[in-house]
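> One structure, pasted below without further comment.
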Amino acid sequence: MGAEMVPPEWMHEQVTAEQYDSWSEEQCSGIEIVDGMVVVSPSASKRHNRLARILANALDAAAGPEWNADTDFDVRLQDVPLSNRRPDVTVYRADAIDITPTRPEHVLLVVEVVSPGSETTDRVVKVDQYARAGIPFYWRVEQAATGVPLVYTYVLDPATSVYRDADVFTGVVKAVAPFAVEADLGAL
C-alpha cells in the first residue's frame with residue numbers, strides 16, 4: 001500500500017515577495033508564483049528545452065553588448081500579490097545581470113515554448129500578464145504537428161498595454177525586431 005501524497009502546507013497559502021526571496025534556488029526551481037500562489041511546472045521535454053536554447057543562443061549572439069538572452073530564471077511581474085514568471089527565454093539588459101529580482105523594466109523580450117498542458121497559459125494568460133507588465137516584445141513558439149515549429153511574434157502597444165500581432169515564422173526565424181536575428185528551429 002503506497003503512501004498518500006499530501007502537498008506541503010506552503011502550497012496552500014499565499015507567498016509574499018519577502019518569503020519567496022528567502023527560499024533557496026532549489027526551492028524556487030520548477031515553480032512560478034501567480035497572485036501569491038505557487039504553481040508547479042512539470043519538467044519540459046528535451047525538444048522544448050532545445051527550442052528554447054537554440055532561440056536563446058541566436059538572440060544572445062544577435063543582441064549586441066547591451067542585451068543578454070538566457071533561460072530559466074524568474075521575472076518579477078509584481079510584488080503584491082507576488083507574481084513571478086519563468087519565461088523559457090528572456091532577453092534583458094546586460095547591465096542588469098546581477099540585479100535580483102529581474103523586473104519588467106529590465107526585459108525587452110520574453111519567449112514561451114508551448115507544451116502540452118501549457119497551451120492556455122502561454123497563449124492567453126502569460127500574454128496578458130507580460131503586456132500589463134510593459135514587456136515590449138513577446139514570442140510564442142508552437143510545436144506544430146508537422147514537426148516544424150511556428151513562431152508567433154508580438155509587439156506591445158504602449159497606449160493600450162496589449163500586444164499586437166507581428167510576424168509569424170515557420171521553421172526559420174528571420175526577425176527584425178527587437179533587433180535582427182536569424183534562428184533555424186527546423187533543424188532540431
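> Of the residues Val91, Val39, Val111, which single one is in contact with a Ser or Thr (Cβ under 9 Å, 6 or more places away or on another chain) and in contact (Cβ under 8 Å) with a residue 24 or more places away in the chain? Full working, then the answer.
Details: Val91 fails: in contact with a Ser or Thr (Cβ under 9 Å, 6 or more places away or on another chain); Val39 fails: in contact (Cβ under 8 Å) with a residue 24 or more places away in the chain.
Just a single option satisfies the conditions, and that option is Val111.
> If you don't mind, another one. When you go through (1) over 19 Å from Asn57 (Cβ atoms); (2) crowded, with 21+ Cβ neighbours inside 10 Å one by one for Trp139, which number turns out not to apply?
Among (1) over 19 Å from Asn57 (Cβ atoms); (2) crowded, with 21+ Cβ neighbours inside 10 Å, the lone unmet condition for Trp139 is (1).
> Which one of the conditions (1) at pLDDT below 90; (2) over 14 Å from the mean Cα position of the chain (by Cα) does Asp21 fail to meet, given that it meets all the rest?
(1)
> Based on what the data block shows, is Pro87 surrounded by fewer than 18 Cβ atoms within 10 Å (Cβ to Cβ) and in contact with a strand residue (DSSP E or B) (Cβ under 6 Å, 6 or more places away or on another chain)?
So Pro87 does not fit the description; no.
> Still on this model: Only residues that are aliphatic (A, V, I, L, M) and open to solvent by 30 Å² or more (accessible area, probe 1.4 Å): list them for segment 110-126, please.
Answer for segment 110-126, where residues must be aliphatic (A, V, I, L, M) and open to solvent by 30 Å² or more (accessible area, probe 1.4 Å): Val124, Val125.
> Also: Take Asp157 and tell me if it is loosely packed, with under 13 Cβ neighbours inside 10 Å, at pLDDT 95 or above, farther than 30 Å from Asp79 by Cβ and acidic (Asp, Glu).
Answer is no for this residue.
> Residues that are under 23 Å from Arg76 (Cβ atoms), open to solvent by 30 Å² or more (accessible area, probe 1.4 Å) and modelled with pLDDT of 95 or more: does segment 165-175 have at least one?
No, because not a single residue in segment 165-175 is under 23 Å from Arg76 (Cβ atoms), open to solvent by 30 Å² or more (accessible area, probe 1.4 Å) and modelled with pLDDT of 95 or more.
The values are calculated or read from the model by the stated rules, or taken from the named source; none is laboratory data. This one's a predicted model, so the numbers in the text were calculated from it and none came from an experiment. In this analysis, Cβ positions are derived from the backbone assuming ideal geometry, glycine residues included, and neighbour counts consider all displayed protein chains. With ligands, DNA and RNA removed, areas are computed over all heavy atoms of the protein, side chains included. Shrake-Rupley method; radii C 1.70, N 1.55, O 1.52, S 1.80 Å.
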